[in-house]
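> The structure is given below, and queries will be raised subsequently.
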Amino acid sequence: MNWIKKIAGSFSYVLFLVIMVSVLLEIIFRILPTSDSLMIKPVNAENPILKYTENREVTKQIGFNFQHITIKRINNYGYASDKEFQEAAIQTKPVIAVIGDAYVEALQLKNKDAFHAILDENLENYDVYPMGINGSEMPQYLAFAKYAADRFDPKLYVFLITQYFDNSFYDEPIYSAIKAPGFHYFGKTTGLNLVNYEPSFIKNLLRRSAFLRYIYLDLKLTSQLKKVFGSGVKAVDNNSNKSKEFLEAGRIANERFLQGITEISLSSNIIILLDADREAIYSGLDKKDMNNPINILFDELGTSAKFIPNVDVIDLHNIFKGDYVSNNKEFNYDYDIHWNEHGHTVAARALTDKINALNF
């Protein structure tokens with residue numbers, strides 16, 4: 001029986017070491033400015049829109065070395081903004097709803113430096129309400145717009161289009177959709193389908209661990225593993241049949257999105273803001289790289305949208321290009337593709353000029 005005691009003793013010793021190391025790591029990472037969980041709320045038929053837990057300040061840091069740290073305020077409606085949203089019945093100003101993805105969420109910079117906050121400061125006669133969650137795409141944009149219409153009755157919607165992936169479709173007409181829970185997706189023929197989200201007991205526990213948040217949110221270990229093993233979102237191959245399928249899926253998404261935009265435009269004004277081909281600008285190309293199917297989809301979306309009454313389009317490409325020629329400043333960080341403070345400032349200026357010219 002001595003060997004059983006030795007094995008039990010060794011196991012207890014290893015367990016003790018694991019527990020002590022875990023406690024020590026947790027203490028260290030609670031001292032460090034590790035990213036907080038944004039704490040997405042449950043999404044279901046009763047609460048059908050994606051948002052974060054309200055009225056909080058969260059720490060966000062980009063990367064692994066704590067050199068880019070931001071404190072973000074999550075407002076009373078669960079979005080990254082210093083501005084409190086007011087429902088239509090008690091509003092004192094008309095509302096502009098800014099809808100998008102991680103570029104609207106803007107976790108990389110202070111709330112006040114985001115383009116929608118600058119727009120809010122520039123337009124004294126309006127209140128600007130941003131609604132953006134990382135990973136959102138066109139169907140989610142339309143879901144955000146419906147939610148905004150029901151509660152805030154916006155006079156103007158701004159939709160920021162920054163990228164296309166292959167996960168807009170719930171019923172997978174072309175691609176195998178990446179159906180992240182909590183998001184809306186286009187159905188096979190009509191309408192929006194919601195994938196419910198309920199944080200598990202285990203996930204709620206993991207959110208409370210600073211060390212595990214560092215591994216998941218800051219190091220993005222799961223995303224890195226997906227890239228290594230080929231299960232993550234992949235760049236579009238411009239020279240393959242996959243590119244043709246990507247274009248086909250993107251054109252369907254454009255069509256379905258524009259159908260939704262047309263309905264909204266019957267009662268409100270709309271601006272579609274298209275991101276620039278920043279790589280082409282940095283490379284000194286005279287025009288967008290039209291070998292990139294994303295640029296083709298952007299141009300087709302912008303061209304079609306201009307024929308819809310009450311819809312205006314801002315293509316940021318030439319605006320960003322002119323600014324880059326003048327100032328030689330990039331619009332994103334070296335280590336992150338999202339707009340930096342300069343990118344947000346230039347986008348805000350373009351939006352302000354457009355809105356002032358249109359005189360809504």
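Every read-out reported here was derived from the displayed coordinates using simple, explicitly stated rules and does not represent laboratory data. None of these values were measured; they are calculated from a predicted model. No Cβ is skipped: glycine too gets one built from the backbone with ideal geometry, and neighbour counts run over all protein chains shown.
> Please compute, for the alpha-carbon atoms of the chain, the extent along each of the three principal axes and give them in descending order in Å.
Sorted from largest, the Cα extents of the chain read 85, 53, 46 Å.
> What does the charge count near I355 come to, summing +1 for each Lys or Arg and -1 for each Asp or Glu among other residues with Cβ under 14 Å from its Cβ?
Surrounding charge for I355 is -2.
> Report, in listed order, any pair from K203/K244; K60/K287; K83/K146 with a Cα-Cα distance greater than 28 Å. Write down the numbers at each step before the final one.
Details: K203/K244 38 Å; K60/K287 35 Å; K83/K146 20 Å.
In this structure, K203/K244; K60/K287 exceed 28 Å between Cα atoms.
> Moving on. Of D127, D299, D336, which has the largest mean-square fluctuation in a 10 Å C-alpha GNM of the chain?
Fluctuation is largest for D336.
> Quick check on the chain: of the DSSP beta bridges with both residues there, what percent are antiparallel, nearest 5%?
Of the beta bridges lying entirely in the chain, close to 40 percent run antiparallel.
> Give the calculated FRET efficiency between N55 and N122 to the nearest 0.05, with a Förster radius of 30 Å applied to their Cβ-Cβ distance.
It comes out at approximately 0.70.
> Set the Förster radius R0 to 22 Å, insert the Cβ-Cβ distance between A45 and N204 as r into 1/(1 + (r/R0)^6), and round the FRET efficiency to 0.05.
0.55
> Calculate the dipole size of the chain relative to its Cα centre from +1 charges on Lys and Arg beta carbons and -1 charges on Asp and Glu beta carbons; express the result in debye to the nearest 20.
On the way: 38 positive and 43 negative charges, 291 e Å.
So the dipole magnitude of the chain works out to roughly 1400 debye.
> Cut-off 10 angstrom, C-alpha nodes, Gaussian network model of the chain. Which of I281, I161, I272 fluctuates the most?
I281
> Considering only the other residues whose Cβ falls under 12 Å of the Cβ of N295, what net charge follows from Lys and Arg at +1 and Asp and Glu at -1?
So the surrounding residues net to -4.
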